[in-house]
Amino acid sequence: MSHHPSPGTIAPHIPAETYHHARATGAPVVIVVQSTTPTGRPLSRYLYPIAVAGAGAIGIFGLVAALLALLEFAAHTATVIAGAAGPIGVGGISLKLARSK
């Protein structure tokens, strides 16, 4: 029986004893290679649209917050001006824009 080295890089998972027995008897060696390619879609296909939608939602929340702050500032400004101006009268009808404190 001649001693042949095992294939090493071709199929490193075959035990040397099994390989030498197959070489000596002439029995075929069946190598099963399992595929490691993923069957589903990669995560990046979902991650980019979710990130864009999240950034858009945060931008809209910021825009609404800025609009509400501007509206509040305008309301305070209007009350200060109305309080300082006093009553407004047109043709004998007077209108008081703000209550006195």
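The values are calculated or read from the model by the stated rules, or taken from the named source; none is laboratory data. Source: prediction; values computed, not measured. Ligands, DNA and RNA are stripped out before the accessible areas are found, and what is left, the full protein with its side chains, is counted by its heavy atoms. Shrake-Rupley method; radii C 1.70, N 1.55, O 1.52, S 1.80 Å.
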Considering the range 72-86, residues that are assigned to a helix (DSSP H, G or I) and among the small types (Gly, Ala, Ser), and then whichever is modelled with the lowest pLDDT, we arrive at 85
Counting only residues that are open to solvent by 100 Å² or more (accessible area, probe 1.4 Å) and not in a loop (DSSP other than H, G, I, E, B), how many does the range 17-71 have?
-> 16
